[in-house]
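Enquirer: Starting off with a structure, shown below.
The values are calculated or read from the model by the stated rules, or taken from the named source; none is laboratory data. Everything quoted here is computed from the prediction, not taken from an experiment. Here the Cβ positions follow ideal geometry from the backbone for every residue, glycine too, while neighbour counts run over all protein chains shown. These area figures cover heavy atoms from the full protein model, side chains too; ligands, DNA and RNA do not enter into them. Shrake-Rupley method; radii C 1.70, N 1.55, O 1.52, S 1.80 Å.
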Amino acid sequence: MKSIKTIFKTGYGPSSSHTMGPSYAATRFISEFPQCDCIKVILYGSLAKTGRGHGTDRAITEALKAVKTEIVFDTETQTPKHPNTVDFIAYKQNAELGRKRYYSIGGGEIRVDNDEAISWEEIYEAKSFSEIAQYCKSKNIRLSDYVFAHESDDIKPFLLNTWKAMQNSIFEGLSKTGILPGGLGVERKAQFLYNQRHIDESPQTKENRLVCAYAFAVSEQNADCGVIVTAPTCGSCGVVPAVLKYMQEKNNFSDDDIIRALAVAGLVGNIVSTNASISGAECGCQAEVGTACSMASAALCELFEMGIDQIEYAAEVAMEHHLGLTCDPVCGLVQIPCIERNAVAAMRSINALSLSNFLYGSRKVSFDIVVETMYQTGKDLSHLYRETSEGGLAKLYSGS
């Protein structure tokens, strides 16, 4: 597996697959053809069908601003290798210099056609949770120690900066009100949730309100093209920071504790990305929010110093009960149902934490099995429910 740094990327929303990945591909392509005076970009599959709503054309144009750019939205051509497919063609005085096909595979990561190597090297020999758990138990170390032993020396400063960026996205999101861009008229609700406590508010109600406020804050920042951290994607960026922020405030966990939790969250996200997918266009929202919920659940268990079996149980429960979750963004915007979905998943990760504390000994399904199940389920989903905005809420929502 690659570094967990591939899971946590700080950048602008609203979509890691539709903005971060294509932007990176554009930058990489133009570096190979610096002499070109025009670039034609052809978007296929989900990139073509929801690219305008996600801002794919804006992200690519910004990355290629030094040259004339033509962007074509091809919604008809089939994309058998990956639904997020994009071609770049370079020209010089109307003569073609070269072309390349890229796949935006989720979380801001890209792959070049014919599997040309891209950037990150493999640093983890183990690829499954069971392999990693067996190793950690044999050495009597925690999952976070396993991460620190395999990553480069700068992993702790990297995770601290990641945490600071996550907190800043919460702070920024809570400070703003108004209507999100895109035409749906979705109103920011994070500040309202944060401030509107009940007179007789119970601890459980307060927890729900604050966790949801934090998740809304980050997700609304993402929808407004603000700076967020993929965890593992832009569309699911609110889940992990929401629960970690709440638990740090409630229990006075240190930043060092949070760093350990993020290390475990990154490891879980990495396992899913390696063995399945974190792309909504490939496997539906189960791959994005489902993975984020597993990451958050595992991170919470690490905060409370639970055992490896308890961590696995929590991550498995979180993923299992997102199986089949469709990706049906209304108008191709990361707003409905995405923002609320982050808040619901954040609360579900706390439920998974509680269940794992009591029931881990009765676990029948491994995390590895549920990851494989998620991937197969995603492949079986109709393309209408994999980030095309052609089915589900995206099809039936009337705007009323």
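Enquirer: Cα axis of helix 308-320 to longest principal axis of the chain: angle in degrees, 0 to 90, nearest 10?
Expert: 50 degrees
Enquirer: Report, to the nearest whole %, how much of the accessible area of the range 182-224 belongs to carbon and sulfur atoms, 1.4 Å probe, protein only.
Expert: Carbon plus sulfur share of accessible area: 47 percent.
Enquirer: For the chain, divide the Cα radius of gyration by the Kirkwood radius and give the resulting Rg/Rh value with two decimals. Numbers along the way, then the final one.
Expert: Numbers: Rg = 20.5 Å, Rh = 21.1 Å.
Across the chain, the Cα-based Rg/Rh ratio is 0.97.
Enquirer: What whole-number value in Å² describes the accessible area per residue of the range 1-109 for a 1.4 Å probe? Spell out each step's value before the answer.
Expert: Values: 4500 Å² over 109 residues.
In whole numbers, the range 1-109 has 41 Å² accessible per residue.
Enquirer: Taking Cα pairs under 8 Å and at least six residues apart, what relative contact order does the chain come out at, in percent? Before the final figure, lay out each step's value.
Expert: On the way: 835 pairs, mean separation 76.8, N = 400.
Here the relative contact order equals 19 percent.
Enquirer: Taking a probe of 1.4 Å, how large is the accessible area per residue of the range 138-275, in Å²? Write down the numbers at each step before the final one.
Expert: Numbers: 5810 Å² over 138 residues.
That works out to 42 Å² per residue.
Enquirer: For Leu393 and Ile199, FRET efficiency with R0 = 25 Å and r from the beta-carbon atoms, rounded to 0.05?
Expert: Details: r = 35 Å, r/R0 = 1.39.
My answer for the efficiency is 0.10.
Enquirer: What pairs in Lys137/Lys206; Lys9/Lys176; Lys139/Lys206 have C-alpha atoms more than 31 Å from each other? Before the final figure, lay out the partial values.
Expert: On the way: Lys137/Lys206 37 Å; Lys9/Lys176 23 Å; Lys139/Lys206 40 Å.
Going by Cα-Cα distance, Lys137/Lys206; Lys139/Lys206 fall outside the 31 Å limit.
Enquirer: Compute the distance in nm between two label points, each set 7 Å from the Cα along the Cα-to-Cβ direction, one at Ser254 and one at Gln134.
Expert: 3.5 nm
Enquirer: Here's a follow-up. Rounded to the nearest 500, what is the chain's calculated 222 nm mean residue ellipticity when only DSSP H runs of at least 4 contribute -39500 (n - 2.57) each, over all residues? If you can, show how the numbers build up before the last one.
Expert: Values: 16 runs with 202 residues, N = 400.
-16000 deg cm²/dmol, from helical runs alone.
Enquirer: Ordered by packing density, taken as the mean number of other Cβ atoms within 10 Å over each peptide's residues, highest first, how do 14-23, 318-327 rank?
Expert: 14-23, 318-327
Enquirer: Moving on to the next point. Residue separation times 0.36 nm, minus the C-alpha to C-alpha distance between Val227 and Asp154: what's the value? Before the final figure, lay out the partial values.
Expert: Working: separation 73, 0.36 × 73 = 26.28 nm, distance 2.21 nm.
Stretched fully, the Val227-Asp154 segment lengthens by 24.1 nm.
Enquirer: Pull up all non-local amide H partners of Asp37: gap of 5 or more, or a different chain, and H-to-H distance under 5 Å with H placed in the peptide plane.
Expert: Tyr91, Lys92, Gln93
Enquirer: While we're looking at this one, here's another question. Considering only protein heavy atoms and a 1.4 Å probe, what is the carbon-and-sulfur percentage of the accessible area of the range 286-400? If you can, show how the numbers build up before the last one.
Expert: Numbers: 2430 of 4580 Å².
Carbon plus sulfur share of accessible area: 53 percent.
Enquirer: Right, here's the next one. Within 10 Å, count the other beta carbons around each residue, average over each peptide in 148-159, 364-375, and list them highest first. Before the final figure, lay out the partial values.
Expert: Details: 148-159: 15.5, 364-375: 18.8.
Going from most to least packed, we get 364-375, 148-159.
Enquirer: Further question on the same structure: Between their Cα atoms, which of Lys49/Lys156; Lys250/Lys395; Lys40/Lys395 are more than 32 Å away from each other? Don't skip to the end; give the middle numbers.
Expert: Details: Lys49/Lys156 39 Å; Lys250/Lys395 41 Å; Lys40/Lys395 30 Å.
Result: Lys49/Lys156; Lys250/Lys395 exceed 32 Å.
Enquirer: Relative to the longest principal axis of the C-alpha atoms of the chain, give the angle of the C-alpha long axis of helix 239-251, reported between 0 and 90° and rounded to the nearest 10°.
Expert: 30 degrees
Enquirer: Excluding residues on the same chain fewer than 8 positions from Lys127, give the aspartates and glutamates whose Cα lies under 15 Å from its Cα.
Expert: Those aspartates and glutamates meeting the cut-off are Glu151, Glu312, Asp368, Glu372.
Enquirer: Moving on. Any cysteines in the chain with zero other Cys Cβ atoms under 4.7 Å from their Cβ? List them, or say none.
Expert: So far as the 4.7 Å Cβ criterion goes, Cys36, Cys38, Cys136, Cys212, Cys225, Cys234, Cys237, Cys283, Cys293, Cys301, Cys331, Cys338 stand without a partner in the chain.
Enquirer: By how many degrees, 0 to 90 and rounded to 10, does the Cα axis of helix 45-54 deviate from the longest principal axis of the chain?
Expert: 80 degrees
Enquirer: Given a cut-off of under 8 Å on Cα pairs at least six residues apart, what relative contact order in percent is computed for the range 316-387? The partial results should precede the final answer.
Expert: Details: 37 pairs, mean separation 43.4, N = 72.
With pairs under 8 Å counted, the relative contact order is 60 percent.
Enquirer: Identify which of Gly53, Gly45, Gly185 has the largest mean-square fluctuation in a Gaussian network model of the chain, with springs joining Cα atoms closer than 10 Å.
Expert: Gly185
Enquirer: Using a 1.4 Å probe over the heavy atoms of the protein chains, calculate the carbon and sulfur portion of the accessible area of the range 116-158 as a whole percent.
Expert: Working: 1300 of 2700 Å².
Of the solvent-accessible surface of the range 116-158, carbon and sulfur hold 48 percent.
Enquirer: Right, here's the next one. State in Å² the accessible area per residue of the range 318-400; use a 1.4 Å probe, count heavy atoms of protein chains only, and round to the nearest integer. Before the final figure, lay out the partial values.
Expert: On the way: 4090 Å² over 83 residues.
I get 49 Å² per residue for the range 318-400.
Enquirer: So, one more: Would you tally the net charge around Ile311, using a Cβ to Cβ cut-off of less than 14 Å, leaving Ile311 out, and scoring K and R as +1, D and E as -1? Before the final figure, lay out the partial values.
Expert: Details: positive: Lys137, Arg142, Arg260, Arg363; negative: Asp145, Glu302, Glu305, Asp309, Glu312, Glu316, Asp368.
Cβ neighbours under 14 Å give a net charge of -3.
Enquirer: Using amide H atoms built in the peptide plane, which far-off residues or other-chain residues are under 5 Å from Val72 H to H?
Expert: Under 5 Å from the amide H of Val72 lie the amide H atoms of Val41, Ile42, Leu43, each far enough along the sequence or on another chain.
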